[in-house]
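Below: one structure, written as structure tokens.
The values are calculated or read from the model by the stated rules, or taken from the named source; none is laboratory data. Since the structure is predicted, the reported quantities are computational estimates derived from the model, not experimental observations. Ideal geometry is used to build each Cβ from the backbone, glycine not excepted, and the neighbour counts take in all protein chains shown.
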Amino acid sequence: MSPDLDIGTLSTADAVSSAIRRLYGPGFHGTGVVHVTSVWRRDPDTQLVIRIGPDAPACAFDQLVLNWTRARADAIITTGRILRQEPELSHQLQGPGSSAQGLARWRTEVLGKTRPPISLLLTSGRDLDFAHPLFSGPGRVVILTDRRGGWNLESRASDAGVEIVALDNPTPRDAIGLLRLEFGCATISVEAGPSVSRQFYEPPTVIDELLLSVYGGEPLPPAARGQRHVTPKQIEAAFRQPYPAYSVVGDDGRSPWDFYRYVRP
Ligand SMILES: NC(=O)c1ccc[n+]([C@@H]2O[C@H](COP(=O)([O-])OP(=O)(O)OC[C@H]3O[C@@H](n4cnc5c(N)ncnc54)[C@H](OP(=O)(O)O)[C@@H]3O)[C@@H](O)[C@H]2O)c1
């Protein structure tokens, strides 16, 4: 259970590469649509997505996985609801010690990416606050919305330097198509919550890789219980058997967490 990785010391691209091999095993080939999410397994058939906030259990390794996925990404998909619930959210690389610097080096030196990822925001546009820190990061922000949202947001988005794509009836899958075809993105990280991300698993699934962090401690407080993720059975059916889980103890010093990387056959 005790980790042999010190996340705070991951200051070089090599250190990040070996940490990722330690977590997920060999054989990393990283493009496609990557869903990164943390869940609590309420029972063998039900896993609830953890709602991020003060009541959510924390684990530094879960943060490493999220930030490693951002370091790989050409684009990150998020939603208006997440911006409202996480007023501090930013897609910039973060982590303890020198790990954010190590992840940035890994992005440049291993993947050859010189620009930050695009943040794609799926929203109807209601209550959208352009003072949110997501809009002042170094990367491009693109809003995917419907026609009405486009009209309502146009002038404020233009003032904020944010691009808008307005479609008749946009779907979450349109976000993937748009990022691939119009913006040339090969690696897309899905950071949307369960109501959007579940749609990506409906056949034909568009998720190529699932990075699943499983919290196994005391039952979650109600405020941290989100909606259902797809079931363990659906995951088993859609993906190859994962490399054996990497197990650690969370930041509270006692709750177990397991980390899995599933890829499609
Ligand atoms: N544990 C984790 O790994 C993890 C990861 C991500 C999120 N979360 C949690 O998940 C929760 C949010 O998940 P959720 O399922 O409630 O919401 P969600 O799936 O993140 O977002 C739903 C929102 O997406 C936008 N949207 C969806 N379909 C759309 C469409 N066709 N056109 C335009 N906009 C569309 C709408 O935003 P508007 O309301 O702005 O119109 C809608 O309210 C949060 O509590 C967050 O903390 C946890």
statement: Of those in region 233-258 that are within 16 Å of the ligand (Cβ to nearest atom) and not in a strand (DSSP E or B), the residue nearest to P194 (Cα to Cα) is I235
message: Could you check region 206-232 and list, in sequence order, the residues that are farther than 14 Å from G193 by Cα, among the polar types (S, T, N, Q) and either surrounded by 15 or more Cβ atoms within 10 Å (Cβ to Cβ) or in contact with a Pro (Cβ under 6 Å, 6 or more places away or on another chain) (or both)?
response: S213
query: Cβ-Cβ below 9 Å, separation at least six or inter-chain, first residue in region 80-97 and more than 16 Å from G137 (Cα to Cα), second of a type in the set (K, R): which pairs?
result: G80/R126; Q85/R51
query: Does region 240-247 contain at least one residue that is surrounded by fewer than 16 Cβ atoms within 10 Å (Cβ to Cβ) and modelled with pLDDT of 95 or more?
result: yes
So A166, is it in a helix (DSSP H, G or I), more than 20 Å from the chain's Cα centre (by Cα) and either at pLDDT 95 or above or within 24 Å of V196 (Cα to Cα) (or both): no
message: Among the residues that make up region 204-215, is at least one of them among the β-branched types (V, I, T) and touching a Leu at 6+ places or on another chain (Cβ under 8 Å)?
response: no
task: Determine if region 171-181 includes at least one residue that is of a type in the set (S, T, N, Q) and buried (at least 20 other Cβ atoms within 10 Å of the Cβ).
output: no
message: What are the pairs with Cβ atoms under 9 angstrom where one residue, in region 34-54, is free of Cβ contacts under 8 Å to residues at least 12 places away in the same chain and of a type outside the set (F, W, Y) and the other, located anywhere, is assigned to a strand (DSSP E or B) and near the ligand (Cβ under 9 Å from one of its atoms)? Sequence gap at least six, or different chains.
response: none
- prompt: Got at least one residue in region 1-16 being within 16 Å of the ligand (Cβ to nearest atom) and either surrounded by 16 or more Cβ atoms within 10 Å (Cβ to Cβ) or among the charged types (D, E, K, R) (or both)?
  reply: no
message: Could you check region 17-48 and list, in sequence order, the residues that are assigned to a strand (DSSP E or B), under 18 Å from the mean Cα position of the chain (by Cα), surrounded by fewer than 21 Cβ atoms within 10 Å (Cβ to Cβ) and not small (G, A, S)?
response: L48
Residue satisfying condition, being out of contact with any strand residue (DSSP E or B) (no Cβ under 9 Å at 6 or more places or on another chain) and within 16 Å of the ligand (Cβ to nearest atom), within set Q92, Q63, Q101: Q63
query: Here is a list of conditions, (1) free of Cβ contacts under 8 Å to residues at least 12 places away in the same chain; (2) within 21 Å of the chain's Cα centre (by Cα), and R173 meets all of them except one; can you say which number that is?
result: (1)
task: Can you work out which of the residues in region 184-202 that are assigned to a helix (DSSP H, G or I) and more than 10 Å from the ligand (Cβ to nearest atom) is nearest to L122 (Cα to Cα)?
output: F200
